[in-house]
Structures are given as structure tokens and as C-alpha cells.
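The values are calculated or read from the model by the stated rules, or taken from the named source; none is laboratory data. In this text the structure is predicted, and so the values were computed from the model without any measurement. Positions of Cβ are generated from backbone atoms using ideal geometry, with glycine treated the same way; all protein chains shown enter the neighbour counts.
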Amino acid sequence: MITSVLVANRGEIACRIFRTCRDLGIRTVAVASDADENALHARVADATVRLPGAVPAETYLRGDLIVKAALAAGVDAVHPGYGFLSENAGFARAVLDAGLVWIGPPPEAIEAMASKTHAKKLMGLEPLREVTEADLPVLVKAAAGGGGRGMRVVRRLEDLDGALEGARAEAASAFGDGEVFVEPYVEDGRHIEVQILADTHGTVWALGTRDCSLQRRHQKVIEEAPAPGLTLRLAQELQDMAVRAARAVDYVGVGTVEFLVADGTAHFLEMNTRLQVEHPVTEAVFGLDLVAEQLRVAEGHALAPEPPRARGHAVEARLYAEDPANDWSPQTGTLHRLTVPEGVRLDAGHADGDSIGVHYDPMLAKVVAHAPTRAEAVRKLAGALERATIHGPVTNRDLLIRSLRHEEFTSARMNTGFYDRHLQDLTRQPPDPWALLAAALADAHGRSRFGGWRNLPSQPHIRRYTLAGEEHEVRYRHTRNGLAADGVHVVHADTNLVVLEVEGVRRRFEVARYGDEVHVDNRRLTALPRFPVPTAERAPGSLLAPMPGTVVKIAEGLITGSSVQAGEPLVWLEAMKMQHVISAPLTGRLTALEVTPGQQVELGMLLAVVQSP
């Protein structure tokens, strides 16, 4: 019987596994890089072992250090979570060779399926060896790992070499394996997957389907179970194929078989030999704890002959610290507060006061809603996100809400091209003048020691804020009766609550301020100084770092004085395990190059300057 478990992972998935272990009375041990010394997963475990390493992002790829940590902590078993070493057969063998229980499939099954090229061969498919114009578009894909890393869509042959190089670098950084392959790219298909669970006694369960079509950069954003709109025949065909794939490699434990579905035809993608990020929607529908089932299977227990019946519908949204309107750029800073209403499930990897850094994936949490019908579950999740309190870095919360309420999603007509078609509309955020006024009134109340009113009319007070990158000016007055503004009746105003009445309708605004960061309900504003200090403007054509990160590459042969074309890639940044390309804003000459490969840069730092001839 397993009495103690080390989770070879971090963040949300480590916290989630620890929760089940605590429920079962199992002692928990975390591992943590130097950057994660005070991370939530390290705080909630019964014990933590530090993983030394100069590069935090690579620390969790050191299987030797993790096995050493497990032995030092005296645990019975190791759970790999997802990502990092979760699909590494060598790591699984090292755990078993150390006399520990491996909470996952046999190394041979991982080896057979973790390499997507080998998995396709098992399913009778072959990757493309030679790419021609007739094959376009194609998808460059990492052979190991997942989560959208190491993936590139190529629509022009001249872009193929660059895509291969970028995908290899990203895959090597994320998974420790730079192997990539090329396959046909199915345009606007639906991403459908099947959850499987197998024991050591020959029973394999197919736990329904999931739809994971809403993706950015090939990484899932919203997932649901069961996949809506499938015919009974197609749903059964997908589950039968998933069971065949599992039996083909004598699979044991939890896994997922993924497909693209287009025009009623299923195209096999891969088998993920691990727990998936989106597993909670399957848990909600089937009334299971998949981590508990993993532990039971690892202890040798048999599954029932048939899985439980599915009930209702579940939808999950991934909450990321990122700016969808700015090329999905990851965001850093302090997460001051994160709460969701009762009635939904929150799987979080961060807690109030945690710092969001640059070393790891920017996912803050997952929010899951379950209801009798799909429409009710979608409505419930959108409402919960709308009422959630999220104070800190910019997040994708508004995008999630608008996506869930978009007619294409509510009618289940979405596919993997959803954000290609709708991102601009979904990220357009018209300013709410009353929310801006609420920020100004709360700010004025908090900073004014005197009433400030006069018998004679005077000029209004002015405060300035930025919202979604745009600057806004707010005017208000101090009067005998308190704060006032044109077109509105100020019912109440203090530092934390403002109540305004507009045309007979009262609205409450909760306000919180952290330095210059102001949160009015769901809106994140930045307060500008009342008397700004003049600063020198950057020269036109300046390339500024859109996020903190590491310079991983400079364009070959690029030096000061080089001629460049508009849109030409110049600098590659890596942040949160993803690479971001910084391109020339115009055609001209490079007059300054301020960075070198390996250099750490901060948000807004000058990288280079391109000037027109």
C-alpha cells in the first residue's frame, strides 16, 4: 500500500495531486527549484526537497535529482504529473530501478506512445519525409511532450527551415528532447480526445469524449466533456480506437488519445501517456477522482468491468497570466487576490500574494463548472468567471467570458480556428466611463484629507488612467456635499466602494489599489501620476521587450548597420517556456543592437533600433 508520494512536478498539478493524497491519508513530498522555493506547491506539501540548478526552467527535467530526492524523503511512490518528465520512459525506469512505485504506465508503453512518430506508426500512419508545395499547409510538431510547445504551422516552403529550428529549440527547452516531425495540417478541425483508464488485470475503460477545440498557439484554453455535436457512431468509433491504442501497448493507468475530427472523419494525433490538464471535466461527468484511480491502479487494484455512467456536462477554462490582445504575451507580477464564487471547482497553482515569474507556464488556475446540460454548464462557468476576483497581472479572463458567450461556441460550431477568426473582436474592450470615474473617486477619497470644496465654481480635478493600453482622463469635483461628477449622482464613495446612480440605475463598484495598479471590479487600470515627470521618448523604430525573458537567439549575421526588411525576425525571446519572435517594425537599417544571446531582459527594455533609410 502506498503511504507517501513525491510529485515530480510543480504548480497547479502538484497541488491537485497533493489534495487527493491528503484525502486518502497519504504523506506528500514536493520538489522545488530555487525559483519555486516559496511556491504554493512547496508550501502545501508535507515536506519539500530543493532541486539545485542554475536554470530554474530546466531543474524539473533532472530525473536523477528527483529520484535522489524521493529516496532522501523516504517515499513509496513517484507521481510525474504532466509536462516535464511525465512521458519520459527513462525517468520511469529510473524510478522503478530505485525500488519505488511509478504512478504511471509501464516504461515500454511510454516509449511506444510518448514519441508521436512511433505512435503514428503503431496506428498505421507515417510522418512526412519530404515536404512539397502540394503538402502545404503542414504542422511541425515535437515528438515528445505537448501543451502546444514545439509546434509551428507552415504555409510557405521558405518558412519550413525556420519553423523546424524554432520548434526544436522550444521542444528541447520544455521537454529535454528536440526531436520534431512534420505532418499534414488539418485546417479548422475539431480537437476531440478520449480519456482512458486501464488496470493491470486487462480492463480498459474509455471515459467518454472531450472537446478541446478552443486553442491559442496549439495550447488548449477551454475544454468540455462530453464533446458536443458528435454522432453516436463517431463517438463510439473514437472510444473504440482509443481502447485499441491502449491495448496495443499493454497500457496501464490514465492516458488520453487525441484526434482531429473534420467532415465526420477522425484523424489520429497522438496518445498522451499521462494525466491531462483538462482531466477535471471527465471527473465531473463520471463522478471520479482520476488521481485516486491512478493510485489504486498503481497499488494493483482491479477496475470494475464497466465504468460509471456519465452524468451531465462539464466545462473548464484555463486562466492564464497573459495578454491575448498583445500576441498572447505572458505577464508577470504579484497575484494579489484570486477567488471564485461557490459552486465551481478551482484548481490553482498560485495563492494570494504569490509572484508570477518568467520561468514557467503562465497558467494561474483552472475553473470548472458542472451542470445537467451543456447550456447550463457554459452559463455557470461564464458567470463564475465574471464574478471572480482576480487582482494582479493582466489575464485572459475577459477573453474566456466572451468566448463562452460567443454564438459559435454556445451553438457548438467551434473548431481550432476559432481565435484566428474572432480574437480581434473578443479582445476589443470599450472603456466603461463609470468604472473609470469610480477609480478616480475612490482614489480622491483615499488621498484627500480635506473636503476641497469652494463656494465659487472651480476647475474640475483630473485623474488619468491607462486601460488596455489606452490613456483615459477622468474629471470630478469636490462640493459642499462631497464628491460629484457630471451626468451621474454619487451615492457613496470611499477607498473601497463607489456607488453611482445613472438615469435611475445604481451600480456598485468595488475598488482595490496596489501601488499604481487599480482594480475596479473586473477591470485592471494603471494610475498615471498627476504631474508626470518628462521622459525622453524612444526613437521611432525602437524594438522593446514585450515581456521579461531571455534572449535565445539573434538573427544570423545581424550587426549594427545591417539592412532589414519589415517583418523580418531579428531577436528571439524565451519566456514561460515559449519562444517569441521580435521582428523589424519597418524596412531600413539597424542602428542599434543592445542585447546578446543568453541575456536576461526586463519588460520594456530596448532590444534594437531600426531606422528608415
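Quick notes on this one:
- Applying the criterion of being under 25 Å from Ala42 (Cα atoms) and not aliphatic (A, V, I, L, M) to the residues of segment 333-344, the residue that is surrounded by the most Cβ atoms within 10 Å (Cβ to Cβ) is His336.
- Set Gly598, Gly549: member being modelled with pLDDT under 90 and over 20 Å from Gly469 (Cβ atoms): Gly598
- For segment 285-300, a residue qualifies if it is assigned to a loop (DSSP other than H, G, I, E, B) and without any contact (Cβ under 8 Å) to a residue 40 or more places away in the chain, and exactly one does: Gly287.
- Any chance Leu160 is closer than 26 Å to Asn88 by Cα and either hydroxyl-bearing (Ser, Thr, Tyr) or not in a loop (DSSP other than H, G, I, E, B) (or both): no
- Some residue of segment 235-247 being surrounded by 18 or more Cβ atoms within 10 Å (Cβ to Cβ), touching a residue at least 40 places away in the same chain (Cβ under 8 Å) and of a type in the set (Lys, Arg): no
- Taking the listed residues Ala225, Ala206, the one that is over 18 Å from Ala262 (Cα atoms), in contact (Cβ under 8 Å) with a residue 24 or more places away in the chain and crowded, with 24+ Cβ neighbours inside 10 Å is Ala225, with no other qualifying.
- Restricting attention to segment 164-197, the residues being assigned to a strand (DSSP E or B), under 20 Å from Val277 (Cβ atoms) and in contact with a helix residue (DSSP H, G or I) (Cβ under 9 Å, 6 or more places away or on another chain) number 6.
- Glu37 surrounded by 15 or more Cβ atoms within 10 Å (Cβ to Cβ) and of a type in the set (Asp, Glu): no
- Scanning segment 170-218 for residues that are β-branched (Val, Ile, Thr), more than 19 Å from Glu408 (Cβ to Cβ) and either touching a strand residue (DSSP E or B) at 6+ places or on another chain (Cβ under 8 Å) or at pLDDT below 95 (or both) yields Val180, Val182, Val194, Ile196, Val204, Thr209.
- Residues being outside any helix (DSSP H, G or I) and among the small types (Gly, Ala, Ser) - total across segment 69-119: 9
- Single condition Glu258 does not satisfy, out of (1) touching a residue at least 24 places away in the same chain (Cβ under 8 Å); (2) more than 29 Å from Phe91 (Cα to Cα): (2)
The rows are residues; the columns are (1) crowded, with 21+ Cβ neighbours inside 10 Å; (2) among the aliphatic types (A, V, I, L, M); (3) more than 16 Å from Phe175 (Cβ to Cβ).
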{"position": "Leu6", "(1), (2), (3)": "yes, yes, yes"}
{"position": "Asp23", "(1), (2), (3)": "no, no, yes"}
{"position": "Ala45", "(1), (2), (3)": "yes, yes, yes"}
{"position": "Ser86", "(1), (2), (3)": "yes, no, no"}
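- Selection of segment 301-344 for residues being hydroxyl-bearing (Ser, Thr, Tyr), farther than 18 Å from Ala575 by Cα and not in a strand (DSSP E or B) yields an empty set.
- Criterion: basic (Lys, Arg) and more than 17 Å from Gln195 (Cβ to Cβ) - qualifying residue of Arg296, Arg309, Arg387: Arg387
- Per this entry, Ala304 is counted among residues that are modelled with pLDDT of 95 or more, assigned by TED's automatic domain parsing to the domain that holds Val221 and surrounded by fewer than 19 Cβ atoms within 10 Å (Cβ to Cβ).
- Enumerated strands (runs of 3 or more DSSP E) restricted to segment 424-489, each holding at least 1 residues that are among the aromatic types (Phe, Trp, Tyr), at pLDDT 85 or above and closer than 30 Å to Ser403 by Cα: 461-467
- Of the residues making up segment 145-195, those that are under 23 Å from the mean Cα position of the chain (by Cα) and basic (Lys, Arg) are Arg149, Arg152, Arg168, Arg190.
- Test: residue in segment 317-332 that is hydroxyl-bearing (Ser, Thr, Tyr), surrounded by fewer than 20 Cβ atoms within 10 Å (Cβ to Cβ) and at pLDDT 95 or above: no
- The single residue among Val49, Val131 that is in contact (Cβ under 8 Å) with a residue 12 or more places away in the chain and surrounded by fewer than 19 Cβ atoms within 10 Å (Cβ to Cβ) turns out to be Val131.
- Qualifying residue in segment 377-386 (condition: at pLDDT 95 or above, surrounded by fewer than 16 Cβ atoms within 10 Å (Cβ to Cβ) and either assigned to a helix (DSSP H, G or I) or in contact with a Pro (Cβ under 8 Å, 6 or more places away or on another chain) (or both)): no
- Filtered residue count, segment 578-611, keeping only those that are touching a Leu at 6+ places or on another chain (Cβ under 9 Å) and part of a strand (DSSP E or B): 15
- Taken over segment 345-370, residues that are surrounded by fewer than 22 Cβ atoms within 10 Å (Cβ to Cβ), aliphatic (A, V, I, L, M) and part of a loop (DSSP other than H, G, I, E, B) amount to 1.
- Qualifying residue in segment 108-119 (condition: outside the structural domain of Thr273 (by TED's automatic domain parsing), under 28 Å from the mean Cα position of the chain (by Cα) and under 30 Å from Glu408 (Cβ atoms)): yes
- Residues within segment 74-88 that are modelled with pLDDT of 95 or more and out of contact with any Leu (no Cβ under 9 Å at 6 or more places or on another chain), tallied: 1
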